[in-house]
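Okay, structure first, notes after.
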Amino acid sequence: MSKKIAVIFPGVGYHVDKPLLYYSKKLAAQNGYEIKEVPYGKFPKGVKGSREKMEKAFFSALEQAGEILKDIDFSEYEDVLFISKSVGTAVASAYAGKYGLNTRNIYYTPVEASFQFMKQPGIAFTGTADNWVTFDAVERGCREGGFPLYVTEDGNHSLETGDVRRDLENIQTIMKITEEYISGRRGLEVTICHADMDDLEQIAALETLCFPEAEAGKREDFEKRLRVFPEHFWLLEEDGEIVSMVNGMVSNSRHLLDEMFEDAGLHEENGAWQMIFGVETRPDRQGRGYMDKLMRKVIRDVKKQGRKGLVLTCKEGRISFYERFGFVNEGRSGSEHGGAQWFEMRLEF
């Protein structure tokens, strides 16, 4: 049986018994990893916002890590996993580089300075409300470093939102992704992009998989939409394969009308409302948090575009799903699309 070790690098004030490190440590142990914690400390006060104190904390932690781990012969292990948090992401990466280790990594809430050291493969997690680092800096660092990035909307530096129920749902999603990475089931690159005509066949096939025939868009409808508003198709791809999609035209109409599905010419690029025609994930890839990641990206993009908000229709059983993103149920829609009963949902900025 191969030997595996997981080393836990905490952050400043975020020790190994806090949720992200506590549960990931237990998952690693459950998957057969020997666990080694690096309980460094004695950091200066007021690290956040101070470059000088951040550097002092980093070099102190790196020195302490060297002393704590000095008796471990990493060459005995076939799999070395580093699980790190905040400043610990820089410490873990710098330690691996200093001692020439080949590691896999789980980077929880990396700070901007970490990316200069993050040279080995891994996955990263961040929140859009992290006051230790800007979201754009993390997104850029992960894009340039090739790290799949998993985003907790409204999450702070601990990936918490202040809403207990929402935080429990989020930690469950985060730990599911974490375990898949630990066990080796999550290694494919996940990216979000806009569509072009080369994606037509995959898009049409995904639609057929996700909707009954009466409700599914036709191939020719998607071809028309791609010619008129390709930048209003958001695709999540796993290793180049489209697994999730959100698409729809823009309009000044407050309501999503049935004729919009068939007439791409109704698109108004400078319109106030982003209409959502389809929200779909391949059935065999559901439950991995892909649509949560994609929908929150769509919402951020639409907000940056200066629009009033987003509008969609859904069946009654899906109302609670969209309410998680801030959509409000405005009651039964006048839509007769596919002969089903629809409810109109609106997210207004």
Counting other C-beta atoms within 10 Å, and keeping those with at most 16, which DSSP coil GluC sites (Glu not before Pro) do you find in the stretch 271-348?
Glu336
Give me the angle, in degrees from 0 to 90, between the Cα long axis of helix 164-183 and the longest principal axis of the Cα atoms of the chain, rounded to the nearest 10.
70 degrees
If the chain between Thr191 and Asn131 were fully stretched, how many nm would it gain, using 0.36 nm times the residue separation less the Cα-Cα distance?
19.1 nm
Please list 3J(HN,Hα) in residue order for the stretch 75-90, calculated via the Karplus relation 6.51 cos²θ - 1.76 cosθ + 1.60 where θ = phi - 60°; whole Hz, with x for glycine and proline.
5, 7, 10, 7, 9, 10, 10, 9, 10, 9, 9, 6, 4, x, 5, 6
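For a Förster distance of 45 Å, can you work out the FRET efficiency between the beta-carbons of Leu209 and Ser2, rounded to the nearest 0.05? Let's see the in-between values first.
Working: r = 38 Å, r/R0 = 0.83.
My answer for the efficiency is 0.75.
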Quick calc, Leu69 & Lys42: beta-carbon distance into FRET formula, R0 22 Å, rounding 0.05, result 0.80
Helix-only [θ] at 222 nm, the chain, -39500 (n - 2.57) per DSSP H run of 4+, per residue, nearest 500, equals -10500 deg cm²/dmol
Counting Lys and Arg as +1 and Asp and Glu as -1, what is the net charge of the other residues whose Cβ lies under 13 Å from the Cβ of Val298?
+2
At what distance in nm do the modelled label points of Asp301 and Phe321 sit from each other, each positioned 7 Å from its Cα along Cα→Cβ?
1.9 nm
Potential lengthening between Asp258 and Asp17 on full extension [0.36 nm per residue; Cα-Cα distance subtracted]:
81.5 nm
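A short reminder: the numbers here are calculations on the coordinates, not readings from a lab. Bear in mind the structure is a predicted one, so any value in this text is a computation, not a measurement. Methodologically, a virtual Cβ is constructed for each residue, glycine included, from the backbone with ideal geometry; neighbour enumeration extends over all protein chains shown.
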